[in-house]
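One structure is given below, encoded as structure tokens.
Read-outs: derived from the displayed coordinates by stated rules, not from any lab. Keep in mind that this is a model prediction, so the values were computed, not measured. Backbone-built Cβ (ideal geometry, glycine too); neighbour counts: all protein chains shown.
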Amino acid sequence: MKQTIYDIVKGKFLISDDAMKNWRMLLFLSLLAIIMIASSHNAESKVHEIARLNDEVRELRSQFVDGRTELMQLKMESSIIDKMQRNGIKQPTTPPKKIIVKN
């Protein structure tokens, strides 16, 4: 048992006569490790991109709400009357008359 551990530590299993099967297994395990590392890196980069896109969505949603609020304030009758009075246009005192066209 002790000699087997020393042989593994010294690397004799890589230079013995039947070492080709050991090399194949090592290459296979190395390939699997590389694939696993690449896959985890790819998944982590996607998680970061999803977080960035979520932040962007929150920012755009807040801009939309701000724009909608500003539009609602601009459409209010009192704000329109104030702007028209600044331009010299006054609110009519008589109601509009309905025009009926007969064919």
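Between residue 32 and residue 57, how high is the FRET efficiency from 1/(1 + (r/R0)^6) when r is the Cβ-Cβ distance and R₀ = 25 Å? Nearest 0.05.
FRET efficiency, residue 32 to residue 57: 0.10.
Determine, from the Cβ-Cβ distance of residue 71 and residue 42 and an R0 of 30 Å, the FRET efficiency 1/(1 + (r/R0)^6), rounded to the nearest 0.05.
Once the sixth-power term is evaluated, E becomes 0.10.
Lysine pairs in region 2-86 8 or more apart or on different chains: how many have alpha carbons under 19 angstrom apart?
5
Residue-wise, which Karplus ³J(HN,Hα) couplings in Hz belong to region 85-91, taking 6.51 cos²θ - 1.76 cosθ + 1.60, θ = phi - 60°, and x for glycine or proline?
Couplings: 5, 5, 8, x, 9, 9, 6 Hz.
Could you pull out every one of the lysines with an alpha carbon less than 24 Å from that of residue 98, ignoring same-chain neighbours closer than 8 positions?
Hits, sequence-local ones excluded: 90.
Among (i) 3.04; (ii) 1.03; (iii) 1.33, which one is Cα Rg over 2.2 N^0.38 Å computed from these coordinates?
Derived directly from the coordinates: (i).
Just to be sure I follow the definition: excluding the sites themselves, where is the longest run in the chain that has none of the trypsin sites (Lys or Arg not before Pro) in a DSSP loop with at most 13 other Cβ atoms within 10 Å? Can you show the working numbers first?
Values: sites that count: 90, 97, 98, 102.
Of all site-free stretches, the longest is 1-89.
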